[in-house]
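Participant: Have a look at this one.
Bear in mind that the values in this text are calculations on the coordinates, not laboratory data. Worth saying up front: this structure is predicted, and the values here are computed from it rather than measured. Reconstructed Cβ throughout: ideal geometry from the backbone, glycine too, with neighbour counts over all protein chains shown.
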């Protein structure tokens, strides 16, 4: 499946703008949302090809949102890459157990992120 539409989930307007700019320059359509709750809702209505999920957010955190999206029949086919400042090995293992396909830490290494996106396409 070719990846065209990517949802960026991050409560930081700066991070959302940075990732949106990076992805749009590479030709991706980007849908930016600021919360885990909105990510779950919009993933069902917009059906993106990929979700980039922050973890540390108010309300529903990225691990919880990832678990909900990857276990919901309508959205479980959508791959999730967690993009977070949480860089402990236990965080990575937990993220993958929630259903994420991959995990990258901030500050984002652009080449690494783009390679992981390409590998899912």
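Participant: Based only on other Cβ atoms within 10 Å, what is the fewest-to-most ordering of 92, 25?
Facilitator: In order of increasing Cβ crowding within 10 Å: 25, 92.
Participant: Evaluate the relative contact order of the range 7-48 (contact order divided by residue number), counting alpha-carbon pairs under 8 angstrom at least 6 apart; express in whole percent.
Facilitator: For the range 7-48, the relative contact order is 47 percent.
Participant: With Rg and the Kirkwood Rh both taken from Cα atoms, where does Rg over Rh land for the range 5-120? Walk me through the numbers before you get to the answer.
Facilitator: Values: Rg = 12.5 Å, Rh = 13.7 Å.
On the Cα set of the range 5-120, Rg over Rh gives 0.91.
Participant: Hey, another quick one. Work out, step by step, the length gained on full extension between residue 96 and residue 41: first 0.36 nm times the residue separation, then minus their alpha carbon distance; give nm to one decimal.
Facilitator: Gain on extension, residue 96 to residue 41, equals 17.7 nm.
Participant: What is the range 5-120's relative contact order, in percent, from Cα pairs under 8 angstrom and six or more apart in sequence? Kindly include the intermediate steps, with their values, before the conclusion.
Facilitator: Numbers: 197 pairs, mean separation 25.4, N = 116.
Value for the range 5-120: 22 percent.
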